[in-house]
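Colleague: Pasting in a structure now, in structure tokens, and then I'll have a few things to ask.
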Amino acid sequence: QVQLVESGGGWVQPGGSLELSCAASGSIPSSGNTMGWYRQGPGKEREFVAHATNHGRTTYGDSVRGRFTISRDYVKNTLTLQMNCAKVWDTAGYYCDYRGGHNYWGQGTQVTGSS
């Protein structure tokens, strides 16, 4: 079982930066898994943001590619999303997820893009 706890959400000005973190704990395999971020704005469906595999491959959604960077620390078991050039439409609840033998979700952290 894997537990995921997000942190780092808050207010960010358009064009500004914010860093989100996800701390994973529990029985985490060394391979065969993907960790990533999804987001969901009010009245919208959950949207893929980015993910990283256990062997270092990263994938980004079209809406964030070139602005956000995902990274994993395999020693500390943390997942980071560096948000740069933030836009108003980045406003959403951001959720950390783990996909492997089983799927897990964190409870989310709110990001609000506002001037």
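The values are calculated or read from the model by the stated rules, or taken from the named source; none is laboratory data. Bear in mind the structure is a predicted one, so any value in this text is a computation, not a measurement. Positions of Cβ are generated from backbone atoms using ideal geometry, with glycine treated the same way; all protein chains shown enter the neighbour counts. Quick note on the areas: whole protein, heavy atoms, side chains included, nothing else; ligands and nucleic acids left out. Shrake-Rupley method; radii C 1.70, N 1.55, O 1.52, S 1.80 Å.
Colleague: With every protein chain left in place, what is the accessible area of Thr91 in Å² (1.4 Å probe, nearest 10)?
Modeller: Its heavy atoms expose roughly 40 Å² to the probe.
Colleague: In whole angstrom, and with the biggest value first, how far do the Cα coordinates of the range 42-104 range along each principal axis?
Modeller: Result, largest extent first: 33, 24, 19 Å.
Colleague: A further question follows. Which value, in Å² and to the nearest 10, is the accessible area of Lys76 when all protein chains are kept and the probe is 1.4 Å?
Modeller: Rounded to the nearest 10, that gives 150 Å².
Colleague: Give me the percent of the accessible area of the chain that comes from carbon and sulfur atoms, probe 1.4 Å, all protein chains in place.
Modeller: Reported share for carbon and sulfur atoms: 48 percent.
Colleague: With no other cysteine's Cβ closer than 4.7 Å, which Cys residues of the chain count as lacking a disulfide-compatible partner?
Modeller: Lone cysteines by the Cβ rule: Cys85.
Colleague: Using only the Cα atoms of the range 30-69, what are the Rg and Dmax in Å?
Modeller: Looking at the range 30-69, its Cα Rg and Dmax stand at 11.5, 37 Å.
Colleague: Would you mind checking which residues have amide H under 5 Å from Glu47's amide H? H placed 1.01 Å from N; only 5 or more apart, or other chain.
Modeller: Amide H to amide H, under 5 Å and 5 or more residues apart or across chains, Glu47 pairs with Arg39, Gln40.
Colleague: For the range 1-66, what is the largest minus smallest coordinate of the Cα atoms on each principal axis, given in angstrom and ordered from greatest to least?
Modeller: Principal axes ranked by extent give 37, 25, 23 Å for the Cα atoms.
Colleague: Among Ala24, Thr53, Ser115, whose Cα sits farthest toward the positive end of the charge dipole of the chain (+1 at Cβ of Lys/Arg, -1 at Cβ of Asp/Glu, about the Cα centre)?
Modeller: Thr53
Colleague: About the Cα centre of the range 46-106, what is the dipole size in debye to 20, counting +1 per Lys and Arg Cβ and -1 per Asp and Glu Cβ, all else neutral? Spell out each step's value before the answer.
Modeller: Numbers: 8 positive and 5 negative charges, 23 e Å.
So the dipole magnitude of the range 46-106 works out to roughly 120 debye.
Colleague: Let me spell out the model: positive unit charges on the Cβ of Lys and Arg, negative unit charges on the Cβ of Asp and Glu, origin at the Cα centre of the chain. What dipole size does that give, in debye rounded to 20?
Modeller: Details: 10 positive and 8 negative charges, 32 e Å.
Computed about the Cα centre, the dipole is about 160 debye.
Colleague: Which residues' amide hydrogens lie under 5 Å from the amide hydrogen of Asn33, considering only partners 5 or more residues apart or on another chain, with H built in the peptide plane?
Modeller: Answer set, sorted by chain and number: Asn54.
Colleague: Where only protein heavy atoms count, and the probe is 1.4 Å, what is the accessible area per residue for the chain in Å²? Intermediate results must be reported in sequence, preceding the final value.
Modeller: Numbers: 6280 Å² over 115 residues.
Counting only protein heavy atoms, the per-residue value for the chain is 55 Å².
Colleague: For the residue pair Glu19 and Asp73, what label-to-label distance in nm results when each label sits 7 Å from Cα along the Cα-to-beta-carbon direction?
Modeller: 0.9 nm
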